[in-house]
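The structure appears right after this line, and notes come after that.
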Amino acid sequence: MGCTQTPKATKTQEKTLTVSTFISDSAYNFIKKQVEFGARVPNSKAHDDCAVYLSGELKRFGAKVIEQKVNLNAFDATILKSVNIIGSFNPKSESRILLFSHWDSRPWADNDPLQKNRKKPVLAANDGASGVGVLLEMARLMQKNSPSIGVDILFCDSEDYGQPESASDAGNEDSWCLGTQYWAKSPHVPGYSARFGILLDMVGGKQATFYREQASEYYAGSVVDKVWSQAKNLGFGQYFVDQKGGAITDDHIYVNKILGIPSIDIIQYDPKSGTGFATYWHTTHDTMENVDKNTLNAVGTTLMHVIYNEK
Ligand SMILES: [Zn+2]
């Protein structure tokens, strides 16, 4: 008797919530592919080739894709030919979630220990490609098993062309996140809104720790609670540390301030390092060898559960 009842119970459970398994090997390969183009610095061939690749992948996974092409003015008067790429799942749904990550590479490794490397570009395996890789894997899974709400994936451009700290007039925070600043003022859909937003930035480092970033806490504390408690329930508490982190100027700031969408930043934070970030941050060592599949799995699995729990 017991045997006939058990499968029924399992079936009902599966119906309430089916979350596809996040494949970290697949996410890793999406990161590797981006890095193989070279540094994705705006106005370079690697950048343009990677834009074609990213929108092609989103289309392949069934998203409705919009490429927002725009010339943005950098702090040094360079005109950055930028592309924000948006892939929408369930585009007609009124209830939406925004997932975003910058896809450009920093043009200068200005934090490199060696002076001779500081004018070289950053390969940005972690600082750029990792968040995009996790989101591409989620897109691949969403095609197979659609979530009940709408999901927009935004690959924002020209995040990392900010003014170097060595500059005499440094401290121009608004010189960063140019693609997102533009998108927040002119979203791909007029009047765009979402229930909440989650930004991924540097989510692939070995034994990375993600603390409760202060602006996320200020603008979207309940979203931080939702993500950090989900991670803890899944056994990823050593990655998602339930403690206050730094306050970081990142793409989520502009989505909060301009669009009023409560948005958080999942960003690697190491309270013991001088910069707060990994030692290879903005150096020539931000390469594939620092990308760890266990970390990708922790972030991707957590986000899959967050998305599929939204009704
Ligand atoms: Zn950066």
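The values are calculated or read from the model by the stated rules, or taken from the named source; none is laboratory data. None of the values given here were measured: they were computed from a predicted structure. Cβ atoms come from the backbone with ideal geometry, glycine included; neighbour counts cover every protein chain shown. Protein only, heavy atoms only, side chains kept; ligands, DNA and RNA dropped before computing areas. Shrake-Rupley method; radii C 1.70, N 1.55, O 1.52, S 1.80 Å.
A few remarks follow.
- Cβ-Cβ FRET estimate between Ile79 and Lys119, R0 fixed at 25 Å, reported to 0.05: 0.80
- Here each label is just a point 7 Å from Cα along the line to Cβ, and for Lys257 and Gln238 those points are 3.8 nm apart.
- Cα-projected label distance for Lys32 with Asn172, points at 7 Å along beta-carbon direction, nm: 4.0
- Counted by Cβ distance under 15 Å from Asp25, the other residues give a net charge of +2, where Lys and Arg count +1 and Asp and Glu count -1.
- Whether the range 34-83 is rounded, prolate or oblate, judged on the alpha carbon gyration tensor where a/c under 1.5 counts as rounded: oblate
- Once all protein chains are placed together, Leu178 keeps about 20 Å² accessible to a 1.4 angstrom probe.
- The listed residues Phe210, Phe236, Phe75, once ranked by accessible area (1.4 Å probe) with the largest placed first, stand as Phe75, Phe236, Phe210.
- Solvent-accessible area, 1.4 Å probe, carbon plus sulfur percent, for the chain: 50
- Rolling a 1.4 angstrom probe over the protein heavy atoms with all chains in place gives the range 172-246 an accessible area of 44 Å² per residue.
- Positive-end residue, the chain charge dipole about Cα centroid, Cβ charges, pick of His252, Val134, Tyr161: Val134
- Residue list for the range 192-220, given a label point 7 angstrom along the Cα-to-Cβ vector of Ser273 and an amide N cut-off under 14 Å: 201-211
- Angle in degrees between helix 214-233 and the longest Cα principal axis of the chain, rounded to the nearest 10: 40
- The fraction of Cα-Cα pairs per 10 angstrom bin, counted from 0 for the range 118-195, comes to 14, 34, 34, 14, 4, 0 percent, rounded to whole percents.
- Accessible-area value, Asp49, 1.4 Å probe, nucleic acids and ligands omitted, Å²: 60
- Number of Lys-Lys pairs in the range 149-299 with C-alpha atoms under 20 Å apart and a separation of 8 or more places or on different chains: 8.
- Spacing of the two label points (7 Å from each Cα toward its C-beta) at Ser20 and Lys45, in nm: 3.4
- Rounded to the nearest 20 debye, the dipole magnitude of the chain is 1160 debye, with +1 charges on Lys and Arg beta carbons, -1 on Asp and Glu beta carbons, and the Cα centre as origin.
- Cα gyration tensor category, rounded, prolate or oblate, for the range 107-148 with a/c compared to 1.5: prolate
- Per-residue SASA entry for Lys69, accessible area with 1.4 Å probe, Å² rounded to 10: 150
- The range 217-274 shape via C-alpha gyration tensor axes, a/c threshold 1.5: oblate
- Longest segment of the chain lacking GluC sites (Glu not before Pro) that sit in a DSSP loop with at most 14 other Cβ atoms within 10 Å: 166-311
- Beta bridges assigned by DSSP with both partners in the chain are antiparallel in approximately 50 percent of cases.
- Rg ratio for the chain: its Cα radius of gyration over 2.2 N^0.38 Å, N being its residue count, equals 0.98.
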